[in-house]
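In what follows, a single structure is set out as structure tokens and then discussed.
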Amino acid sequence: MLLTTSMFLLLIELARAHCTRPGLTETVNTYLTAQTSGQLFTLTPHFDNSTWLGYFENSVKLDLSSAIINTPLPITFNRTIYDTTACATFTEVIVNSNSTPYVIGTQLRFANHKINKVDIIVTKPGDWLFNVTGYAQYSPSENWDTIPAPVRDSRTALRAAADAYLDVFNAPNTTVPWGIPCVRLEGGLYGDQGPNGTCGSFIPTGVPITRRRYVVDEELGAVDVLVDFGKSAWPDSHEFRVEGGKLSCELWGGEWHDEGVRRSMEQGHR
């Protein structure tokens, strides 16, 4: 019997059932150890070969031999959100190093309690607004504590808030649930930290944001979305903190090398 695409996707969805936070945490810790040591082979036993979709770095499918995970990196900070519904995780990795500075965003997707897709955004010197010193200062200071169960937003509300923000770049009349205060961290550039700070300033228009891949963590009120940004489809990551249905924090990092795009984006945002 031929296995159709729809049947294959259904099998993957069934395989994703019953993820637990401790199980996902254990695998993420193995990923972090592999990245620190540069020993990818310590992570590959956690891959699900029967449903394997591939390793992607900055939206390009690569052979595992070319993965950034093969490069030992002295990680100075990391934070992970866990999606037990979609069986996925997002890990922010900061390497505040003079010799090998990086900010990396990694989505892991799971089937049968093992990884079946690795999707990574790697940013480094030369990328738009990259400043590891600033990023390493501000990102760890943000509040990503667990939100008490009685006041947590639903999965639907969290994703809707993230989508509204991403939609407004191409549809300026979109209603976005801006919170006050709210602060944006872009590369190493931090927004207004005051009590009236907003994430709604300096939003460019005419910028489609497509191919969205979500990780939603209701416990932390967090959403990460890996996307293709703009008409040039630059690989990009947006991570949001949502409290009471309102955006309170947005972390933005993308691998944009083209000087023309970077200049226009800087003018659009600042």
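The values are calculated or read from the model by the stated rules, or taken from the named source; none is laboratory data. The structure displayed is predicted, hence computed values, not measured ones. Cβ: placed from backbone, ideal geometry, glycine included. Neighbour counts: every protein chain shown.
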Fill in: Among (1) within 19 Å of Arg211 (Cα to Cα); (2) touching a helix residue (DSSP H, G or I) at 6+ places or on another chain (Cβ under 7 Å) - the single one Asn112 does not satisfy
(1)
Worksheet item: Which one of the conditions (1) closer than 24 Å to Arg79 by Cβ; (2) at pLDDT 95 or above does Glu250 fail to meet, given that it meets all the rest?
Response: (2)
Item to complete: Mind listing just one residue for me: the one in segment 109-126 that is closer than 18 Å to Thr71 by Cβ and touching an Asp or Glu at 6+ places or on another chain (Cβ under 9 Å) and, of those, surrounded by the fewest Cβ atoms within 10 Å (Cβ to Cβ)?
Response: Lys124
Item to complete: Looking for whichever is in contact with a Ser or Thr (Cβ under 6 Å, 6 or more places away or on another chain) and under 22 Å from Asn29 (Cβ atoms) here; the options are Ile75, Ile81. Which one fits?
Response: Ile75
Worksheet item: Residues in segment 208-227: is at least one at pLDDT below 95 and not hydrophobic (A, V, I, L, M, F, W, C)?
Response: no
Item to complete: Have a look at Leu40, Leu11 and point out the one that is modelled with pLDDT of 95 or more and either among the hydrophobic types (A, V, I, L, M, F, W, C) or under 22 Å from Glu186 (Cα atoms) (or both).
Response: Leu40
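Would you pick out the residues in segment 43-68 that are of a type outside the set (A, V, I, L, M), assigned to a helix (DSSP H, G or I) and touching a Phe, Trp or Tyr at 6+ places or on another chain (Cβ under 9 Å)?
Answer for segment 43-68, where residues must be of a type outside the set (A, V, I, L, M), assigned to a helix (DSSP H, G or I) and touching a Phe, Trp or Tyr at 6+ places or on another chain (Cβ under 9 Å): His46, Ser66.
Yes/no matrix, rows are residues, columns are (1) crowded, with 21+ Cβ neighbours inside 10 Å; (2) closer than 26 Å to Glu57 by Cβ; (3) assigned by TED's automatic domain parsing to the domain that holds Ala164; (4) touching a strand residue (DSSP E or B) at 6+ places or on another chain (Cβ under 9 Å):
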| position | (1), (2), (3), (4) |
| --- | --- |
| Gly197 | no, no, yes, yes |
| Ser201 | no, no, yes, yes |
| Tyr214 | no, yes, yes, yes |
| Gly221 | yes, no, yes, yes |
| Gly230 | yes, yes, yes, yes |
